[in-house]
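Notes follow once the structure below has been shown.
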Amino acid sequence: NTPIRSVGTVQDITVRKIADEKAVKLASIVEFSNDAIISKTLEGIITSWNKGAEKIYGYGENEMIGKSISVIIPSEYLDDLEIIYNKVSVGEMIKNFETVRLKKDGQKIDVSLTVSPVFDENKNIINISVIARDISEQKRNDAINASRLHLIHFAATHSINELLEETLNEAEKLTGSCIGFYHFVEDDQESITLQEWSARTKTEFCEAEGKGLHYSISDAGVWVDCIKQRKPMIHNDYASLPHRKGLPEGHAEVIRELVLPVLRGDKITAILGVGNKPSDYTEKDIEAVSLIANLAWEIAEKKLVDNALRESEEKYRTLIQKIQAAVIVHG
């Protein structure tokens, strides 16, 4: 029974191997991308959630699979869902859609979305793919640069106090704060002068007296910690501070605050503070406020010098006129 021939089949699996390798590579890209890459059903139920999504939004995969995408959408941005669905449901891709999303800790972040329909072999839309990139840093930098440029132009046609008020208005805008104040620190480094409130503080929150008054740093409240420590201070739970001294009658209620010193050499020249942001202040808020606080002081200092020179010139001209008049009379 010696076999005289054999029969076999050979199958070319090159195409399948290439497809499998591509699938593995794609899965790896999705898994380890810094961008959030999410899949969801047409009804908005999340079916996949990569590590980038965990990093950006703070939720783990096990927390989000099977949940509605609305979990990460602030209530005021829920209309985004309809806008996106109307386009994707007819096969359109949406690129660079800028909006706001919600992290697990409640923080709102700016994102840029690319949203694509996912088709089956029959060209039916079976899923939606969402790629989200956190652009909060870029938006923050753009906002800071815009504020700085605005203050430079504003200063050219406004007084020092108007400039300081506008600086506080910009600081509030950048941090989402509701109140703001600006103090000058005297050369003795022991007394301060309330120089300006923000526009919103004056019109909506504060009726306290005191603008222009001098008082001792030792008599001030916790907000002068930034002078004693010579660095920015954040008090995110103001009510719990044991060394607070209370607020003057008519003063705005303080829930949380960020206060920072403006340093020139070894001296503190001013203090800028903002308060009552809806969420906790962070190092990013310190960075934003520091940049415009220092710019405002540079402009204000130049204006003070220019004003002093103009006053000196005016006094000199007046003196010369008196001398000339005296000479004419004697003549």
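The values are calculated or read from the model by the stated rules, or taken from the named source; none is laboratory data. Here the structure is a predicted model, which is why all the values come from computation and not from measurement. Glycine gets a Cβ as well: all are built from the backbone with ideal geometry, and neighbour counts include every protein chain shown. Ligands, DNA and RNA are stripped out before the accessible areas are found, and what is left, the full protein with its side chains, is counted by its heavy atoms. Shrake-Rupley method; radii C 1.70, N 1.55, O 1.52, S 1.80 Å.
See the values below:
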quantity	calculated
Selection count, the stretch 270-289, where residues are polar (S, T, N, Q) and surrounded by fewer than 19 Cβ atoms within 10 Å (Cβ to Cβ)	2
Meets criteria (outside any strand (DSSP E or B), hydroxyl-bearing (Ser, Thr, Tyr) and crowded, with 16+ Cβ neighbours inside 10 Å) for THR167	yes
Options ILE160, ILE152: the member that is open to solvent by 80 Å² or more (accessible area, probe 1.4 Å), within 30 Å of TYR182 (Cβ to Cβ) and touching a residue at least 40 places away in the same chain (Cβ under 8 Å)	ILE152
Filtered residue count, the stretch 230-265, keeping only those that are assigned to a helix (DSSP H, G or I) and either at pLDDT below 80 or exposed (fewer than 11 other Cβ atoms within 10 Å of the Cβ) (or both)	2
Residue list for the stretch 94-111, restricted to those being touching a Ser or Thr at 6+ places or on another chain (Cβ under 6 Å) and either open to solvent by 100 Å² or more (accessible area, probe 1.4 Å) or closer than 15 Å to ASP79 by Cα (or both)	LYS95, ASN96, GLU98
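Residue-by-condition table, conditions (1) farther than 16 Å from ILE37 by Cα; (2) touching a strand residue (DSSP E or B) at 6+ places or on another chain (Cβ under 6 Å); (3) surrounded by 14 or more Cβ atoms within 10 Å (Cβ to Cβ); (4) at pLDDT below 95:
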site: TYR59; (1), (2), (3), (4): no, no, yes, no
site: MET64; (1), (2), (3), (4): no, yes, yes, no
site: LYS67; (1), (2), (3), (4): no, yes, yes, no
site: SER89; (1), (2), (3), (4): yes, no, no, yes
site: THR114; (1), (2), (3), (4): no, yes, yes, no
site: ASN124; (1), (2), (3), (4): yes, no, no, yes
